[in-house]
Amino acid sequence: MCGLKRFHRCLQQCSKIFIPLHDNMEEYWILLVMHLPEKKVEVLDSFLDVRSRERRMDHARDVMAMLQKVFGTETT
């Protein structure tokens, strides 16, 4: 988390942040796309397994919460 602080105040120049997330339970990747100006988040997941979807969404929420701790209102 400390390594991310070097990007503090640099996010104003970004319109999107792409974050690959790994699902260890199924050896599968999803992509979290943060649209900063619109204050929206998109989760790209081509594996439509309803049982794993909630776990992946929880993982995405955890990552977003961590980013908010690091960057504050820049990622709200």
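Throughout, read-outs are computed from the coordinates displayed, never taken from laboratory work. In this text the structure is predicted, and so the values were computed from the model without any measurement. Quick reminder, even Gly has a Cβ in these numbers, built from the backbone with ideal geometry, and neighbours come from all protein chains shown.
One chain, two ends: CYS14 and GLU54. Fully extended at 0.36 nm per residue, the span grows by 11.6 nm beyond their Cα-Cα distance.
With a Förster radius of 25 Å applied to the C-beta separation of LYS40 and GLN68, the computed FRET efficiency comes to 0.95.
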